[in-house]
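> Following this message is one structure expressed as structure tokens.
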Ligand SMILES: [Zn+2]
């Protein structure tokens, strides 16, 4: 048990090489090297390209984070690293580096869950998280509703996307509309000039019978197909496709179902706090709608600033700091990188 | 000086402590396990094990030497990032050596050193009395260029890629899989080690491009 531990977090589960450093709940450094430009020309994240970039960026990004924080490795009380879920080859670079830093410095190592880290990052902005809380995590890799009973050990998943992640749907629809990758920010921007009610796209898994089996689950592949068909039909009739309106209507469908189900989960579990996290949590419409609906339901809504919502090392450091403070045992050094790591494994110490 | 040597360019996860004094090399401790999918789990414990076996701590290590491939990407990267981060963490320099040289530099006569590149291909280079001729290459074992297969090319093949594809190679192949020799890698880095050369940014010898096609009609990214 240590108050305000200094922890470095390493995150390489997708295309960002992130190294963050925190002291307790205070963010000291958040260095990110992104390979997003390299992926843009492929129209999506290419695992091998990401892994190559991680290897190149790893040590320089650690050094940059330490410089920004004005610290050396000897000042650390813990090193935390995303052990999963994520792209296997990408995760391995971060896990390999974290183990080597821990070995070389004697600083205890914590292999942690990426999803729990997305929740923990909110502590850097808004302080300790009231437990229990509901986490709504939305990004290019995940769309989940999580129940956080204890951020140091008991996190469960109430629901998740049964097909595409919400962020993936943003990327795919952006491509249909001729907008660049990653699609999220471009759709958000276009939608601001568009009419949300221009056309009503389907809300996946909200029909009565789906609400029985998939109460807190999402589905976005049908929505993407519906948008594609709609665009095709317009073009077949020789009409121009109103990009801003389609972006707004599509975004509305995604945000509607995400917020609806998160609020429902909170109400039905008697939970008074919802946390937003993940890259899509930076979406302005999602935030607005979540704020409105949470207020109506008398639920506290918390979310960190957009830069902390996307994948970064600070979130991993934040979870690491929480684990060190809670006295959770460090991980044993032979843990693997687990691309499909279960949401319930918050840190690998729990598993052992 | 005491050197930590690492190579993960093949299915073998390897770590060793090698003492280098002038031109004398001595293998102090060594761990190896052939497990093509075990690099990220096993390498760090192997380094710990090597230090423990030698009765040493991190503070006793003066430099790191790492094989930089060519090798199947995922495992190779684990070794290289481990070498780079360990060196950075310990505040010591790291040097890269072509992993194939860890096989080829131990050969006599004209030898083809080959490792398994997966997808039915090999990474290879030709050595004359232990000295590499040209840059490492990748191709199918049956598609080696004429200058390698003709008389005067390579008389025999050695390495994991040679034993695995013995039937497809036109020359005689060593049946036992040989992996990069960590002592040899340290020997090849000795001039830099002894001169106290500046630490290096390790760059893998990939030899292949990533498998990815630019998306058809995908717009250029906006700044
Ligand atoms: Zn994420």
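> Using only the C-alpha atoms of the stretch A:150-209, find the volume of their convex hull and express it per residue in Å³.
Numbers: hull volume 9.8 nm³, N = 60.
Per-residue hull volume (Cα only) is 164 Å³.
> Cα convex hull of the stretch B:163-211: mean projected area in nm², to one decimal?
On the way: hull surface 24.6 nm².
Result: a mean projected hull area of 6.1 nm².
> A further question on this structure: Can you give me the distance in nm between label points at residue A:192 and residue B:176, each placed 7 Å from the Cα along the Cα-to-Cβ direction?
6.9 nm
> For the stretch B:123-210, divide the Cα radius of gyration by the Kirkwood radius and give the resulting Rg/Rh value with two decimals.
Working: Rg = 15.3 Å, Rh = 15.0 Å.
Reported Rg/Rh (Cα atoms, Kirkwood Rh): 1.02.
> On to the next question. Express in whole angstrom the spacing between the alpha-carbon centres of the stretch B:85-163 and the stretch A:1-38.
After rounding, the separation between the Cα centres reads 39 Å.
> Report the extension gain between residue A:292 and residue A:267 in nm, rounded to one decimal, defined as 0.36 nm multiplied by the number of residues separating them, less their alpha carbon distance. Walk me through the intermediate numbers first.
On the way: separation 25, 0.36 × 25 = 9.00 nm, distance 1.51 nm.
Contour length minus the Cα-Cα distance gives 7.5 nm.
> Put a dot 7 Å past each Cα toward the Cβ at residue A:211 and residue B:33; how far apart are the dots in nm?
Rounded to a tenth, the inter-label distance reads 5.2 nm.
> Hey, another quick one. With a ≥ b ≥ c taken as the square roots of the eigenvalues of the C-alpha gyration tensor of the stretch A:86-153, please select rounded if a/c is under 1.5 and otherwise prolate if a/b is larger than b/c or oblate if it is not?
It comes out oblate by the Cα gyration axes.
> Just want the ordering: B:146, A:37, from fewest to most Cβ atoms lying within 10 Å of their own Cβ.
On the way: B:146 7, A:37 12.
So the residues, fewest neighbours to most, are B:146, A:37.
> Please report the spacing between the Cα centers of the stretch B:1-49 and the stretch A:104-177 in Å, no decimals.
Taking the Cα centre of the stretch A:104-177 as reference, the centre of the stretch B:1-49 is 37 Å away.
> What is the mean projected area of the alpha carbon convex hull for the stretch A:223-308, to one decimal in square nanometres?
Values: hull surface 26.3 nm².
Across all orientations, the stretch A:223-308 yields a mean hull projection of 6.6 nm².
> Does the stretch B:71-137 come out rounded, prolate or oblate by the C-alpha gyration tensor, with a ≥ b ≥ c the root eigenvalues, rounded set by a/c under 1.5 and, if not, prolate when a/b is larger than b/c and oblate if not? Could the numbers behind the result be given before it?
Numbers: a/c = 3.63, a/b = 1.59, b/c = 2.28.
Oblate, because a/c is 1.5 or more while a/b does not exceed b/c.
> If I build a Gaussian network model for chain A, linking alpha-carbon pairs within less than 10 angstrom, which residue out of A:182, A:108, A:336 has the largest mean-square fluctuation?
A:336
> While we're looking at this one, here's another question. Send over the Kirkwood Rh of the stretch A:1-76, from the inverse of the averaged 1/r over different Cα pairs, rounded to one decimal Å. Kindly include the intermediate steps, with their values, before the conclusion.
Numbers: mean 1/r = 0.0760 Å⁻¹.
Here the Kirkwood hydrodynamic radius works out to 13.2 Å.
> Ignoring everything except DSSP H segments at least 4 long, calculate the 222 nm mean residue ellipticity for chain A; use -39,500 (n - 2.57) per segment, divide by total residues, nearest 500. Please list the in-between numbers first.
Values: 14 runs with 162 residues, N = 352.
Dividing the helical sum by the residues of chain A leaves -14000 deg cm²/dmol.
> Where the eigenvalues come from the Cα gyration tensor of the stretch B:7-57, what are the semi-axes √(5λ) of the equivalent ellipsoid, largest first, in whole Å?
So the equivalent ellipsoid measures 22, 13, 7 Å along its semi-axes.
> While we're on this one: Would you mind telling me which residue in B:76, B:27, B:169 has the biggest mean-square fluctuation in a Gaussian network model of chain B, where springs connect alpha carbons within a distance under 10 angstrom?
B:27
> Could you tell me the relative contact order of the stretch B:72-185? Use alpha-carbon pairs under 8 Å, at least six residues apart, and round to a whole percent.
Values: 208 pairs, mean separation 28.0, N = 114.
RCO, the stretch B:72-185: 25 percent.
> For the stretch A:180-260, what number results from the quotient of the Cα radius of gyration and 2.2 N^0.38 Å? Don't jump to the answer; show the numbers that get you there.
Details: Rg = 13.5 Å, N = 81, 2.2 N^0.38 = 11.7 Å.
The value comes to 1.16.
> Highest GNM mean-square fluctuation, chain A, Cα pairs closer than 10 Å: which of A:275, A:308, A:73?
Evaluated over chain A, the most mobile residue of the options is A:73.
> To check my understanding: the extent here is largest minus smallest coordinate of the Cα atoms along each principal axis. What are those three numbers for chain A, in Å, largest first?
67, 46, 31
> While we're looking at this one, here's another question. In what sequence do A:54, A:114, A:39 fall when counting other Cβ within 10 Å, fewest first?
Working: A:54 32, A:114 26, A:39 23.
Listing A:54, A:114, A:39 from fewest to most nearby Cβ atoms yields A:39, A:114, A:54.
> For labels at residue B:21 and residue A:329 in the simple 7 Å Cα→Cβ model, what's the distance in nm?
4.2 nm
> Give, in whole angstrom and from largest to smallest, the semi-axes √(5λ) of the equivalent ellipsoid of the stretch B:32-153, with λ running over the eigenvalues of the Cα gyration tensor.
Working: eigenvalues 203, 54, 29 Å².
Ellipsoid half-lengths, sorted descending, are 32, 16, 12 Å.
> When the C-alpha atoms of the stretch A:130-241 are aligned to their principal axes, what extent does each axis show, in angstrom, from largest down?
Result, largest extent first: 56, 32, 21 Å.
> Is the shape of chain B best called rounded, prolate or oblate, per the rule: a/c under 1.5 gives rounded, else a/b larger than b/c gives prolate, else oblate, with a ≥ b ≥ c the square roots of the Cα gyration tensor eigenvalues? Walk me through the intermediate numbers first.
Working: a/c = 1.81, a/b = 1.21, b/c = 1.49.
Taking the square roots of the gyration eigenvalues as a ≥ b ≥ c, chain B is oblate.
> Find the Cα radius of gyration of the stretch A:12-125, compare it with 2.2 N^0.38 Å by division, and give the number to two decimals.
1.04
> Relative contact order of the stretch A:89-161, please, whole-number percent, based on alpha carbon pairs below 8 angstrom and at least 6 residues apart.
18 percent.
> Can you compute the equivalent ellipsoid semi-axes for the stretch B:10-94, i.e. the square root of 5 times each eigenvalue of the Cα gyration tensor, sorted largest first and rounded to whole Å? It would help to have the intermediate numbers written out before the result.
On the way: eigenvalues 86, 40, 33 Å².
With the √(5λ) rule applied to the stretch B:10-94, the semi-axes are 21, 14, 13 Å.
> For the stretch B:116-166, report the translational diffusion coefficient in µm²/s to the nearest whole number, using Stokes-Einstein at 37 °C, 0.692 mPa s, and a Kirkwood Rh over Cα pairs. Show your work: numbers first, answer last.
Numbers: Rh = 11.3 Å.
For the chosen part, D equals 291 µm²/s.
> If you average 1/r over all unlike Cα pairs in the stretch A:65-206 and invert the result, what Kirkwood radius do you get in angstrom?
Working: mean 1/r = 0.0549 Å⁻¹.
Value: 18.2 Å, from the Cα pair sum.
> How do A:220, A:201 rank when sorted from fewest to most other Cβ atoms within 10 Å of their own Cβ?
Working: A:220 27, A:201 21.
Starting with the residue having the fewest Cβ neighbours, the order is A:201, A:220.
Each reported figure results from applying straightforward, stated rules to the coordinates on display, with no laboratory input. Predicted model only: the values in this text are computed from it and were never measured. No Cβ is skipped: glycine too gets one built from the backbone with ideal geometry, and neighbour counts run over all protein chains shown.
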